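Data block below; observations after.
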Amino acid sequence: MSKKPFVIFGLVVAFFMVVVPAWAFLRDGDPDRDQTQVPARLESGQSLFVDNCGNCHKLYAAGTYGDFGPDLDQRLAPAGTPDGPDAAGQIDGTKSQVLSAIEQGADDPTVPGRMPAGIVSGPVAEEIADFVAQTAGRG
Ligand code: HEC
(Lines give C-alpha, C1' and ligand atoms only; values in the text may rest on other atoms or scores of the structure.)
Protein backbone atom coordinates (compact mmCIF):
# COMPACT_ATOMS: atom_id res chain seq x y z
CA MET A 1 0.00 0.00 0.00
CA SER A 2 1.28 3.42 -0.87
CA LYS A 3 2.24 5.75 1.95
CA LYS A 4 1.46 8.79 -0.11
CA PRO A 5 -2.07 9.47 1.26
CA PHE A 6 -0.70 9.35 4.81
CA VAL A 7 2.04 11.80 3.98
CA ILE A 8 -0.45 14.19 2.42
CA PHE A 9 -2.82 13.79 5.36
CA GLY A 10 0.07 14.49 7.72
CA LEU A 11 0.97 17.64 5.87
CA VAL A 12 -2.62 18.85 5.94
CA VAL A 13 -2.86 18.19 9.69
CA ALA A 14 0.45 19.98 10.25
CA PHE A 15 -0.83 22.92 8.29
CA PHE A 16 -3.96 23.33 10.40
CA MET A 17 -2.33 22.54 13.73
CA VAL A 18 0.83 24.57 13.36
CA VAL A 19 0.75 27.06 10.52
CA VAL A 20 -2.75 28.47 11.02
CA PRO A 21 -2.45 29.03 14.80
CA ALA A 22 1.03 30.48 14.34
CA TRP A 23 -0.32 32.89 11.77
CA ALA A 24 -3.23 33.90 14.01
CA PHE A 25 -0.90 34.27 16.97
CA LEU A 26 1.54 36.46 15.10
CA ARG A 27 -1.25 38.61 13.77
CA ASP A 28 -2.76 39.20 17.20
CA GLY A 29 0.62 39.83 18.74
CA ASP A 30 1.49 42.57 16.31
CA PRO A 31 0.89 45.89 18.08
CA ASP A 32 0.76 47.81 14.81
CA ARG A 33 -1.83 45.64 13.18
CA ASP A 34 -4.46 48.30 12.58
CA GLN A 35 -2.31 51.37 12.48
CA THR A 36 -0.98 53.01 9.39
CA GLN A 37 2.71 53.53 8.96
CA VAL A 38 3.63 57.05 10.04
CA PRO A 39 6.93 58.93 9.89
CA ALA A 40 9.20 58.03 12.83
CA ARG A 41 8.80 61.44 14.47
CA LEU A 42 5.01 60.86 14.76
CA GLU A 43 5.19 57.32 16.14
CA SER A 44 5.17 58.23 19.80
CA GLY A 45 2.25 60.63 19.27
CA GLN A 46 0.46 57.78 17.54
CA SER A 47 0.83 55.38 20.44
CA LEU A 48 -0.02 58.11 22.97
CA PHE A 49 -3.18 58.76 20.96
CA VAL A 50 -4.09 55.06 21.00
CA ASP A 51 -3.64 54.96 24.80
CA ASN A 52 -5.34 58.23 25.72
CA CYS A 53 -7.84 59.07 23.02
CA GLY A 54 -8.59 55.92 21.03
CA ASN A 55 -11.30 54.64 23.35
CA CYS A 56 -13.47 57.61 22.46
CA HIS A 57 -12.33 58.62 18.99
CA LYS A 58 -12.07 57.03 15.61
CA LEU A 59 -8.92 57.98 13.75
CA TYR A 60 -7.78 56.01 10.75
CA ALA A 61 -4.07 56.70 11.17
CA ALA A 62 -4.16 55.42 14.74
CA GLY A 63 -6.31 52.39 13.94
CA THR A 64 -8.80 53.34 16.68
CA TYR A 65 -12.55 52.98 16.48
CA GLY A 66 -13.87 54.65 19.64
CA ASP A 67 -17.34 56.03 19.09
CA PHE A 68 -18.06 58.01 22.23
CA GLY A 69 -16.63 61.18 20.69
CA PRO A 70 -16.69 62.37 17.08
CA ASP A 71 -14.79 60.65 14.27
CA LEU A 72 -11.72 62.89 14.10
CA ASP A 73 -11.05 62.15 10.44
CA GLN A 74 -14.38 63.78 9.67
CA ARG A 75 -14.34 66.46 12.34
CA LEU A 76 -10.86 67.67 11.48
CA ALA A 77 -10.74 66.86 7.76
CA PRO A 78 -8.45 69.32 6.01
CA ALA A 79 -10.27 71.69 3.67
CA GLY A 80 -7.66 71.71 0.91
CA THR A 81 -5.41 69.13 -0.68
CA PRO A 82 -2.75 67.64 1.60
CA ASP A 83 0.05 69.29 -0.33
CA GLY A 84 -1.72 72.50 -1.31
CA PRO A 85 -0.12 75.90 -0.74
CA ASP A 86 -1.78 76.31 2.65
CA ALA A 87 -1.06 72.80 3.93
CA ALA A 88 1.28 74.03 6.68
CA GLY A 89 -1.22 76.67 7.83
CA GLN A 90 -3.99 74.09 8.00
CA ILE A 91 -1.87 71.73 10.04
CA ASP A 92 -1.06 74.53 12.51
CA GLY A 93 -4.73 75.43 12.75
CA THR A 94 -5.75 71.83 13.36
CA LYS A 95 -3.03 71.44 15.94
CA SER A 96 -4.29 74.44 17.94
CA GLN A 97 -7.82 73.09 17.73
CA VAL A 98 -6.70 69.72 19.10
CA LEU A 99 -4.62 71.34 21.85
CA SER A 100 -7.52 73.48 22.93
CA ALA A 101 -9.86 70.45 23.01
CA ILE A 102 -7.29 68.67 25.20
CA GLU A 103 -6.71 71.65 27.53
CA GLN A 104 -10.25 72.93 27.84
CA GLY A 105 -12.32 69.89 26.98
CA ALA A 106 -15.20 70.23 24.55
CA ASP A 107 -18.88 70.54 25.21
CA ASP A 108 -20.59 71.59 22.03
CA PRO A 109 -24.33 71.45 22.81
CA THR A 110 -25.08 70.14 19.31
CA VAL A 111 -22.80 67.12 19.81
CA PRO A 112 -23.72 64.29 22.19
CA GLY A 113 -21.32 63.70 25.05
CA ARG A 114 -18.59 65.92 26.33
CA MET A 115 -14.87 65.64 26.41
CA PRO A 116 -13.22 66.12 29.79
CA ALA A 117 -10.44 68.73 30.01
CA GLY A 118 -6.85 67.84 30.79
CA ILE A 119 -6.74 64.13 29.86
CA VAL A 120 -3.08 64.78 29.06
CA SER A 121 -0.90 67.90 29.23
CA GLY A 122 2.48 69.40 28.42
CA PRO A 123 4.75 67.55 25.96
CA VAL A 124 2.40 64.56 25.78
CA ALA A 125 -0.44 66.83 24.62
CA GLU A 126 1.92 68.44 22.09
CA GLU A 127 2.97 65.11 20.62
CA ILE A 128 -0.60 63.90 20.34
CA ALA A 129 -1.74 67.17 18.76
CA ASP A 130 1.10 67.02 16.23
CA PHE A 131 0.24 63.47 15.27
CA VAL A 132 -3.49 64.22 14.94
CA ALA A 133 -2.94 67.43 12.97
CA GLN A 134 -0.64 65.69 10.48
CA THR A 135 -2.83 62.64 9.95
CA ALA A 136 -6.55 63.39 10.54
CA GLY A 137 -8.62 63.17 7.39
CA ARG A 138 -5.61 62.13 5.35
CA GLY A 139 -6.10 58.36 5.45
C1 HEC B 1 -14.04 60.16 27.46
C2 HEC B 1 -14.04 60.18 26.02
C3 HEC B 1 -13.02 61.06 25.32
C4 HEC B 1 -11.66 60.97 25.38
C5 HEC B 1 -10.81 60.00 26.22
C6 HEC B 1 -11.15 61.96 24.45
N7 HEC B 1 -12.18 62.63 23.86
FE8 HEC B 1 -12.02 64.06 22.44
N9 HEC B 1 -14.04 64.33 22.46
C10 HEC B 1 -14.93 63.57 23.17
C11 HEC B 1 -16.27 64.03 22.91
C12 HEC B 1 -17.56 63.47 23.50
C13 HEC B 1 -16.14 65.12 22.01
C14 HEC B 1 -17.26 66.00 21.44
C15 HEC B 1 -17.47 67.12 22.41
C16 HEC B 1 -18.16 68.28 21.82
O17 HEC B 1 -17.79 68.72 20.72
O18 HEC B 1 -19.06 68.76 22.50
C19 HEC B 1 -14.73 65.27 21.73
C20 HEC B 1 -14.19 66.22 20.87
C21 HEC B 1 -12.87 66.25 20.47
C22 HEC B 1 -12.33 67.12 19.46
C23 HEC B 1 -13.11 68.11 18.61
C24 HEC B 1 -13.10 69.45 19.26
C25 HEC B 1 -13.46 70.51 18.26
O26 HEC B 1 -12.89 71.58 18.37
O27 HEC B 1 -14.26 70.26 17.36
C28 HEC B 1 -11.01 66.86 19.36
C29 HEC B 1 -10.01 67.53 18.42
C30 HEC B 1 -10.71 65.84 20.33
N31 HEC B 1 -11.86 65.47 20.99
C32 HEC B 1 -9.46 65.29 20.53
C33 HEC B 1 -9.15 64.38 21.52
C34 HEC B 1 -7.81 63.94 21.82
C35 HEC B 1 -6.56 64.37 21.08
C36 HEC B 1 -7.90 63.08 22.87
C37 HEC B 1 -6.78 62.38 23.62
C38 HEC B 1 -5.91 63.22 24.36
C39 HEC B 1 -9.32 62.96 23.22
N40 HEC B 1 -10.03 63.77 22.37
C41 HEC B 1 -9.81 62.14 24.21
C42 HEC B 1 -14.63 62.51 24.02
C43 HEC B 1 -13.35 62.11 24.36
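The values are calculated or read from the model by the stated rules, or taken from the named source; none is laboratory data. Worth saying up front: this structure is predicted, and the values here are computed from it rather than measured. All Cβ positions, even for glycine, are placed from backbone atoms using ideal geometry, and neighbour counts span all protein chains on display.
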When the residues of the stretch 34-73 are filtered to those that are aromatic (Phe, Trp, Tyr) and closer than 17 Å to ALA101 by Cβ, which remaining residue is surrounded by the fewest Cβ atoms within 10 Å (Cβ to Cβ)? PHE68
Out of PHE131, PHE68, report the one residue that is assigned to a helix (DSSP H, G or I) and within 10 Å of the ligand (Cβ to nearest atom). PHE131
If you go through the stretch 90-139, how many residues are at positive phi and more than 20 Å from the chain's Cα centre (by Cα)? 4
Determine whether THR64 is assigned by TED's automatic domain parsing to the domain that holds VAL111, over 15 Å from the mean Cα position of the chain (by Cα) and hydroxyl-bearing (Ser, Thr, Tyr). no
